[in-house]
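A short worksheet on the structure shown next.
The values are calculated or read from the model by the stated rules, or taken from the named source; none is laboratory data. Fair warning: this is a prediction, and the values are worked out from it, not measured in the lab. Cβ: placed from backbone, ideal geometry, glycine included. Neighbour counts: every protein chain shown.
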Amino acid sequence: MSGAEVRARQIVTDAPTDLIVDRLAAELARRYGITRTELYQVDYRLAELLPLGGGEAITGPGHPAWRAFDHQEPVVVDGTGWFPVGMRGERRGVLRVSPAPDDPDALRQLDTIATVLGHELAAVTSTTDIYLGARRSRRLTLAAEMQWELLPGRSRIRPSFSLAGQLEPAYAVRGDSFDWSDDGHRLWLAVLNGFGEGVAAALLTSLATYALRNARRAGISLADQAALADQAIFAQHRGAQHLSVLLLELDLATGALTAVDAGSPRLIRLRDGVVAEQVLDKQFPLGMFEATDYREQRFQLERGDRLFVVSDGVIDATAERVRYGEAALDRFLRRTGPMESLDAVRSLIGDLRAFVAGDLVDDAVVVCLDWLGPQP
């Protein structure tokens, strides 16, 4: 790392949380002669890039800012540079600088500095509302606020896998959600298809998520994780409320996939351009009955396999009494093969929005997992 990059890292680390971008802008002006530095964050719908200080959002897909965001590469057009801001595969937005330096080494340094900024924003987000508040183009419902706070992120990349997910309608989602964790050897994924309306649905999903996390962190099997979460929900609601969940555990060295289907969302595999639904052993949703025993299934993934998990809100999306349906979903998923996982999720959500001519009415969750093969 160059001296300029080390200096920028120190500045953003030492800056007060509300002045991180301002202090960075001052350093870029001193070091590179940049007169304008501005942070644009992607909104909850993955549809707008919103400037931190307020102003006009960037929505056009062909805009250089979106090219930098989509391809995760610097883009320089007409003297303005756009650099992706993110960390560990989680895309937060782009950094705009002008005039952009001509020196390729300086551009490389700015690219690294934008990544440093992404790490620092992730570190301070839990301590301030400045950056979360600037990411929304409208007010979130209370249920949606709860759901977004519950998520581990929207995308994750490691050498052996790429993972992304999205909730819709982003500003008013109620009960659908997802959760994930990895330890370098295994990846755990839970996709929840919520039950109920409003805050009640969000509370039920929160209880299920924390119960599953508690069981997962105890190091027990996937079936036992489902059983403990089932007991926690039944103890609280005595069967009056329940929710569907798909639990997956992926061995990152071998591609062995373990699944527990508790009345779950749909699991679809894309392999060599062919779309096929993975047949699951359907079992009772969590919390429906007391002391349900759950069974595990095992499948073998091949290098390059892509898995989609979609809730019923995707297939049942309706426009003028016409369902989106399985056939349209299969056709679209085939087209996502060359895309990165987050781009595939974003494209599918965009196709759904276009189909219903607006935001979805019912909750929908889409998660995309690529197994890239064992890595050294």
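Listed values, structure above:
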read-out	value
Qualifying residues in segment 165-177 (those that are of a type in the set (A, V, I, L, M) and part of a loop (DSSP other than H, G, I, E, B)) - the one farthest from LEU252 (Cα to Cα)	ALA172
Condition check for PHE195: assigned by TED's automatic domain parsing to the domain that holds THR254, closer than 27 Å to ASP351 by Cβ, over 20 Å from the mean Cα position of the chain (by Cα) and crowded, with 19+ Cβ neighbours inside 10 Å	yes
Restricting segment 160-186 to residues that are under 15 Å from the mean Cα position of the chain (by Cα) and without any contact (Cβ under 8 Å) to a residue 40 or more places away in the chain, the residue that is surrounded by the most Cβ atoms within 10 Å (Cβ to Cβ)	ASP179
Selection from segment 286-337 of residues that are under 24 Å from the mean Cα position of the chain (by Cα) and either of a type in the set (Lys, Arg) or outside the structural domain of ALA354 (by TED's automatic domain parsing) (or both)	ARG303, ARG306, ARG331, ARG334, ARG335
Pairs, first over 19 Å from PRO338 (Cβ atoms) in segment 61-88, second of a type in the set (Asp, Glu) and modelled with pLDDT of 95 or more, C-beta under 6 Å, six or more apart	PRO74/ASP111; PHE83/ASP111
Which numbered condition ALA122 fails, given (1) in the same structural domain as ARG36 (by TED's automatic domain parsing); (2) in contact (Cβ under 8 Å) with a residue 12 or more places away in the chain; (3) farther than 24 Å from THR59 by Cα; (4) out of contact with any helix residue (DSSP H, G or I) (no Cβ under 8 Å at 6 or more places or on another chain)	(3)
Qualifying residue in segment 137-147 (condition: over 29 Å from LEU212 (Cα atoms) and in contact with a strand residue (DSSP E or B) (Cβ under 8 Å, 6 or more places away or on another chain))	yes
Contacts under 8 angstrom Cβ, first residue in segment 214-241 being in a loop (DSSP other than H, G, I, E, B), partner surrounded by fewer than 19 Cβ atoms within 10 Å (Cβ to Cβ) and aromatic (Phe, Trp, Tyr), 6 or more apart	GLY239/PHE289
Only one of VAL245, VAL275, VAL260, VAL279 that is surrounded by fewer than 18 Cβ atoms within 10 Å (Cβ to Cβ), in the same structural domain as ALA364 (by TED's automatic domain parsing) and either at pLDDT 95 or above or under 21 Å from VAL367 (Cβ atoms) (or both)	VAL279
Matching residues in segment 144-164 - criterion: being under 18 Å from LEU132 (Cβ atoms) and assigned to a strand (DSSP E or B)	SER155
